[in-house]
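The block underneath contains the structure these notes are about, expressed in structure tokens.
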Amino acid sequence: MSARAFSKSLKELRVHFSQNSPASTGLRDFIVKAYPGLKKSNPGLPILIREASGVESRIIARFEQGRERKIVVDSLSASDVEQKFNALVSEAK
């Protein structure tokens, strides 16, 4: 994934996954690979990562005016997670 600066209308990213569930493997791998570049390209954007046992793997984006969009990425590969992530953040206008 090439890290890029996101639109200013994207206000926050939240990532939830289980630290030991096989269903969260793709999301964990994606975060390990992509987080440093995302943070470097978007230093002012809060990216909150939450690990909890047994939770569904999901990414939540908060946009301007409090609009939120959630995607569930349980049991997806890291490349599939990346595709869904890119579609999610491209909704920022």
Under a Gaussian network model of the chain whose springs join Cα atoms within less than 10 Å, the largest fluctuation of Q65, Q19, Q83 belongs to Q65
Of all lysine pairs in segment 1-79 that are eight or more residues apart or on different chains, those with Cα atoms under 16 Å apart total 5
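Just how many % of Cα pairs in the chain lie over 17 Å apart, if you round to the nearest whole percent? Don't skip to the answer; put the middle values down first.
Values: 1914 of 4278 pairs.
The calculated P(r) of the chain puts 45 percent of pairs beyond 17 Å.
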Which of V55, V73, V15 fluctuates most in a GNM of the chain (C-alpha springs under 10 Å)? That residue is V55
With the dipole of the chain defined by +1 on each Lys or Arg Cβ and -1 on each Asp or Glu Cβ, the option from F85, N20, I47 whose Cα lies farthest towards the positive pole is I47
Only helices counted: for the chain, with every DSSP H run of 4 or more residues adding -39500 (n - 2.57) and the sum spread over all residues, [θ] at 222 nm is -10000 deg cm²/dmol
Candidates L48, L76, L27; GNM for the chain (alpha-carbon contacts under 10 Å) flags as most fluctuating L48
Which residues qualify? For D74, with a placed amide H closer than 5 Å and at least 5 residues away or on another chain, they are S57
With Cα coordinates, the longest principal axis of the chain makes an angle with the long axis of helix 25-41, in degrees rounded to 10, of 30
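No value in this document is a laboratory result; all are computed from the given coordinates. These figures come from a predicted structure and were not determined experimentally. For neighbour counting, all protein chains shown are included, and Cβ atoms are generated from backbone atoms with ideal geometry for every residue, glycine included.
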